[in-house]
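A short write-up of the structure that comes next.
The values are calculated or read from the model by the stated rules, or taken from the named source; none is laboratory data. This one's a predicted model, so the numbers in the text were calculated from it and none came from an experiment. When we count neighbours, we look across all protein chains shown, and the Cβ atoms used for this are built from the backbone with ideal geometry, even at glycine.
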Amino acid sequence: MGKDMIPMGSFFQKEAETMPVEQIKELQSKKLVKQVKHVYDNVEYYRNLMNEKGVTPDDIKGIEDLYKLPFLSKADLRECYPDGLLAVDRKNCVRIHSTSGTTGKRVVAFYTQNDIDMWNDCTARAIVAAGGSDEDTLQICYGYGLFTGGAGIDGGSHKVGCLTLPMSSGNTDRQIQFMMDLKSTIICCTPSYAAYIGETLAEKGYKPEDNHLKAGIFGAEAWTEEMRRDIEKSLGIKAYDIYGLTEISGPGVAFECCEQNGMHINEDHFIAEIIDPDTGEVLPEGSKGELVFTALDKEAFPLLRYRTRDICVLTREKCSCGRTFVKMCKPMGRSDDMMIIRGVNVFPSQIEAVLLNEGYAPNYQIMVDRVKNNDTLDVYVEAKEGDFSDKVKDMARKEKKLAGAIKAMLGISPVVHLVAPKSIQRSEGKAVRVIDKRKRLGITI
C-alpha cells in the first residue's frame, strides 16, 4: 500500500468505538459497580482507604458516584510495592511491567491474560486509526522488557495482523536496513527517535519518497505540533500521538485518529476525569485540570481514581472519524515535579537519592534540553569539601562513577559535572533544582 493510500474511517472494534454516549455511560456504570466490589474485596490497602472515607461498594450505584471514591497516587503505589495492590492471586498473573522508582521503589503493574488481551485491543484500535491493517509491516522501535512501549504495540500489531518487526530501541543503522529492505509501512517509537531516524536517512542520501512508510505512532514523551510537522516532512508520513501509562496499562489508553487533534480515550475500558489538582474537585468538561483514570476491566492491578499528574482538557465534540469516545488534548504540563526525558519518567528526588548514597551533599542542579530532537540530561553536583581536584583524570573518573550510579537508577545516561563546593546558587525559598530548556521550544513537559 503506497504512502497516499491510507484508509480512513476504519475501526478495529467499530461497535465499541462508535457506541452512543449514553450507552458508553451505562456500560461504564455497570463495570464500575463490579470493579469497586472487586477491589474492595481483594485489595486491603484500598479497602482501608474506602473505610477511612466512609464509603462501601453499596454506595457506588454508577459513574455519578465516582467522586465518592478515594484517589490513588504514585505515593500509594510506592507504599504498596511490590504487590500490595494486587487484586488476584499471583498464579493468575502472566506478566509484569514496571517504571523506574523515585526512591528506588518501582511501580510494578501485574497483568492477567485478560488484562493483556484488553490492552492489545486498545493498541490495535490505535494502529487501525492510523491506517493500519493486515496488509502492513509495522516496525516497533520502542524498548521491550519492563517498559510497556514495545510489548504494548507488539500485541496490538499481532491482533491487527500486521507483519511485526520487534526491533526494540537503538541500533539506528539496523533499524534503517530493516525498514528499507522489508518495506516497513508503519513505525512506532518516541517522537525524538523518529526525528533522529529522519535525520539519519537524509544523511545517508535517502529522500522521504525512498521509504515505504505511510504512518508513525509516537508517544512516551512530550512533542510539539512543529515537531510533528518536521517528522512528517522528513519521513513522508502522517504522525499520530498515543498516550498511556504503566499504572493503567501502557500505550493505548488513548490514541489519535485521522483528525490529529486530540486522543480518543478508550472509554469502554477507562473512565477519565479532570480535577482541580489542589482541591480534588471534579471539574466540568472543557476545564483545564489534572487527568484522573479509573480502570474498569483490569483484573490484576485495577486502579480506581488514579491521579496521573498530567494537566489537560477533555472534550466530547463530534469527531469526523466517527468515534464517540471523549478526546484528551496533549498533556499541557504536570502538577508535580516529574520530567519525561527520552521517554523515561524522572524525578529530581531519584537523583538526590543517588547523590546521598554516593556520599555527596544534595546540592545539585539538573539541566534538561533538546538538541537535534534528542533530550539531553546534565547534572551539576558540588564536589565534596576537600575533594575538589584540578586533576582532569581524577575528576573524570568520579564523574563517570556518579553517572553510572544515576543511570542504574533512571535507566538513561546523564552527563555529570562535578563543580566546586558552594558554587551552585542557594535559595532562601524552594531550591531551583531543574532548568528545563525544552520549554523555550514550546514543549510542555
Within the range 77-98, of all residues that are of a type in the set (D, E, K, R) and at pLDDT below 95, the one farthest from the chain's Cα centre (by Cα) is 79
Identity of the residue in the range 309-338, modelled with pLDDT of 95 or more and among the polar types (S, T, N, Q), that ends up surrounded by the most Cβ atoms within 10 Å (Cβ to Cβ): 324
If a residue has to be modelled with pLDDT under 95 and surrounded by fewer than 17 Cβ atoms within 10 Å (Cβ to Cβ) to count, how many in the range 189-205 make the cut? 4
How many residues does the range 354-411 hold that are β-branched (Val, Ile, Thr) and in contact with a His (Cβ under 9 Å, 6 or more places away or on another chain)? 2
Close pairs (8 angstrom Cβ cut-off, 6 or more residues apart or separate chains): of a type in the set (A, V, I, L, M, F, W, C) in the range 356-382, at pLDDT 90 or above and surrounded by fewer than 16 Cβ atoms within 10 Å (Cβ to Cβ) anywhere: 366/378; 367/378; 368/378; 377/412; 377/413; 377/415; 379/415
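Considering only the range 203-238, how many residues are of a type in the set (Gly, Ala, Ser), outside any helix (DSSP H, G or I) and either more than 30 Å from residue 304 (Cβ to Cβ) or touching a His at 6+ places or on another chain (Cβ under 7 Å) (or both)? Spell out the reasoning first.
Step one: list which residues in the range 203-238 are of a type in the set (Gly, Ala, Ser), which gives 205, 215-216, 219-220, 222, 234, 236.
Checking which are outside any helix (DSSP H, G or I) leaves us with 205, 215-216, 219-220, 222, 236.
Keeping just the survivors that are either more than 30 Å from residue 304 (Cβ to Cβ) or touching a His at 6+ places or on another chain (Cβ under 7 Å) (or both) gives 205, 215-216, 236.
Residues in the range 203-238 being of a type in the set (Gly, Ala, Ser), outside any helix (DSSP H, G or I) and either more than 30 Å from residue 304 (Cβ to Cβ) or touching a His at 6+ places or on another chain (Cβ under 7 Å) (or both): 4 in total.
Any idea which residue in the range 41-55 is surrounded by the fewest Cβ atoms within 10 Å (Cβ to Cβ), counting only those that are over 24 Å from residue 89 (Cβ atoms) and not small (Gly, Ala, Ser)?
Only one residue fits best here, namely 52.
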If the Cβ limit is 8 Å and pairs must be 6+ apart or interchain, which residue in the range 390-402 that is without any contact (Cβ under 8 Å) to a residue 24 or more places away in the chain pairs with which residue that is β-branched (Val, Ile, Thr)? 399/416; 400/416
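Whether any residue in the range 417-437 is polar (S, T, N, Q), modelled with pLDDT of 75 or more and more than 23 Å from residue 142 (Cβ to Cβ) is what I want to check.
Among the residues of the range 417-437, at least one is polar (S, T, N, Q), modelled with pLDDT of 75 or more and more than 23 Å from residue 142 (Cβ to Cβ), which makes the answer yes.
Rundown of residues vs (1) hydroxyl-bearing (Ser, Thr, Tyr); (2) touching a strand residue (DSSP E or B) at 6+ places or on another chain (Cβ under 7 Å); (3) on the phi < 0 side of the Ramachandran plot, yes/no style:
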| position | (1), (2), (3) |
| --- | --- |
| 63 | no, yes, yes |
| 68 | no, no, yes |
| 80 | no, no, yes |
| 92 | no, no, yes |
| 134 | no, no, yes |
| 148 | yes, yes, yes |
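In this structure, does residue 182 turn out to be assigned by TED's automatic domain parsing to the domain that holds residue 331, buried (at least 21 other Cβ atoms within 10 Å of the Cβ) and out of contact with any Phe, Trp or Tyr (no Cβ under 8 Å at 6 or more places or on another chain)? Full working, then the answer.
Working: assigned by TED's automatic domain parsing to the domain that holds residue 331: yes; buried (at least 21 other Cβ atoms within 10 Å of the Cβ): no; out of contact with any Phe, Trp or Tyr (no Cβ under 8 Å at 6 or more places or on another chain): yes.
Criteria not met by residue 182.
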Among helices (runs of 4 or more DSSP H) entirely inside the range 3-75, those with 1 or more residues being of a type outside the set (Gly, Ala, Ser), at pLDDT 95 or above and within 26 Å of residue 277 (Cβ to Cβ) are 21-42, 44-53
Of the conditions (1) more than 22 Å from residue 129 (Cβ to Cβ); (2) surrounded by fewer than 23 Cβ atoms within 10 Å (Cβ to Cβ), the single one that residue 346 does not satisfy is (2)
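Please work out if residue 353 is over 22 Å from the mean Cα position of the chain (by Cα) and of a type in the set (A, V, I, L, M). Steps first, answer last, please.
Numbers: over 22 Å from the mean Cα position of the chain (by Cα): yes; of a type in the set (A, V, I, L, M): yes.
It is true that residue 353 is over 22 Å from the mean Cα position of the chain (by Cα) and of a type in the set (A, V, I, L, M).
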If you go through 81, 40, 46, the only one that is under 18 Å from residue 270 (Cβ atoms) and of a type in the set (Phe, Trp, Tyr) is 46
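Quick check, is residue 340 within 25 Å of residue 150 (Cα to Cα) and assigned to a strand (DSSP E or B)?
Working: within 25 Å of residue 150 (Cα to Cα): yes; assigned to a strand (DSSP E or B): yes.
Taking the combined requirement at face value, the residue satisfies it.
Quick grid of which residues meet (1) touching a Leu at 6+ places or on another chain (Cβ under 7 Å); (2) under 27 Å from residue 369 (Cβ atoms); (3) crowded, with 20+ Cβ neighbours inside 10 Å:
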{"position": "187", "(1), (2), (3)": "yes, yes, yes"}
{"position": "207", "(1), (2), (3)": "no, no, no"}
{"position": "212", "(1), (2), (3)": "no, no, no"}
{"position": "226", "(1), (2), (3)": "no, yes, no"}
{"position": "242", "(1), (2), (3)": "no, yes, yes"}
{"position": "281", "(1), (2), (3)": "no, no, no"}
